[in-house]
Amino acid sequence: MKKIVFVFPIFYSILFGFNDADVKKLIETRQCEKCDLSGADLQNAYLEFANLNGANLKGANLSEANLLGAALDQADMSGANMSKVNIKGASLKRANLSKTDFTDADLSGAVLKEATMTDTILKNAKMQGAYLKNAKMENADLANANMENANIAGAKLKDTNLKEADTDGIYKNDTRPKKKKVKKSRKSKKAKSAKKLPVKKSSKTYNKTKNNK
């Protein structure tokens, strides 16, 4: 029995691919860029502002974890369990989130620019103000999601389920009206300069007026 207990964690990490050293490093330092955490159990983990850019989190369990403001750019989170996760304000640019479960998760203010979100589950998710420009969201399930003021400019939404989703104030394009600059006419500029400068009489005109007298 002792041998089985000793060998099991090693066998488990080999079976699911994650590196024990990487998991320990993440928990202790919250710095694990390009780490292999595929299949790791990180449920309820405290990972506020963690650096996980380029990390492999494929199939990992991060349900109810705190990833507030975390950096997850280009991370592979496909098939991961992210239900009830707090990932507010996190950066997930170009991340692979295909078939990831974000049920009841808080993604408000998160940056998901150019993220792959095909078949992603986002039921009841909070996505207020999320930035989803050019995201690939084909077949994603956003039923009852709150997408108020989210930016979906250029996002691919083919066969996306938006049933009863709150899309109030959603941005479908990234163009913002520019303030028009009022151009001042040259005449007005000359008139102002004329008022400022004192008028000087030339010596010729002065002599003429003297002779006429």
Practice prompt. Would you check which residues across the range 74-109 are small (Gly, Ala, Ser) and within 19 Å of ALA45 (Cα to Cα) and list them?
Written response: ALA75, SER78, GLY79, ALA80, SER83, GLY89, ALA90, SER91, ALA105
Discussion item. So for the range 138-145 (the condition being of a type in the set (S, T, N, Q) and at pLDDT below 95), does at least one residue qualify?
Written reply: no
Item to complete: Can you give me the number of residues within the range 46-65 that are over 19 Å from ILE121 (Cβ atoms) and surrounded by fewer than 21 Cβ atoms within 10 Å (Cβ to Cβ)?
Response: 6
Worksheet entry | Count - residues of the range 68-87 that are farther than 17 Å from LYS34 by Cβ and either among the β-branched types (Val, Ile, Thr) or out of contact with any Phe, Trp or Tyr (no Cβ under 8 Å at 6 or more places or on another chain) (or both) | 6
Item to complete: Assess whether SER108 counts as being hydroxyl-bearing (Ser, Thr, Tyr) and either out of contact with any Lys or Arg (no Cβ under 7 Å at 6 or more places or on another chain) or outside any loop (DSSP other than H, G, I, E, B) (or both).
Response: no
Worksheet entry | Answer from LEU97, LEU68 - the residue that is of a type in the set (A, V, I, L, M), surrounded by fewer than 20 Cβ atoms within 10 Å (Cβ to Cβ) and under 22 Å from GLU114 (Cα atoms) | LEU68
Item to complete: Would you check if there is a residue in the range 151-163 being of a type in the set (Asp, Glu) and either in contact with a Ser or Thr (Cβ under 6 Å, 6 or more places away or on another chain) or surrounded by 23 or more Cβ atoms within 10 Å (Cβ to Cβ) (or both)?
Response: no
Discussion item. Checking the conditions here, which among GLN31, GLN43 is at pLDDT 95 or above and in contact with a Ser or Thr (Cβ under 6 Å, 6 or more places away or on another chain)?
Written reply: GLN43
Fill in: In the range 1-20, the residues that are within 23 Å of GLY79 (Cβ to Cβ) and either at pLDDT 95 or above or surrounded by fewer than 12 Cβ atoms within 10 Å (Cβ to Cβ) (or both)
PRO9, PHE11, ILE14, LEU15
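The values are calculated or read from the model by the stated rules, or taken from the named source; none is laboratory data. The shown structure was predicted, so the numbers you read here are calculated from the model rather than taken from an experiment. Note that we place each Cβ from the backbone using ideal geometry, even for glycine, and neighbour counts take in every protein chain shown.
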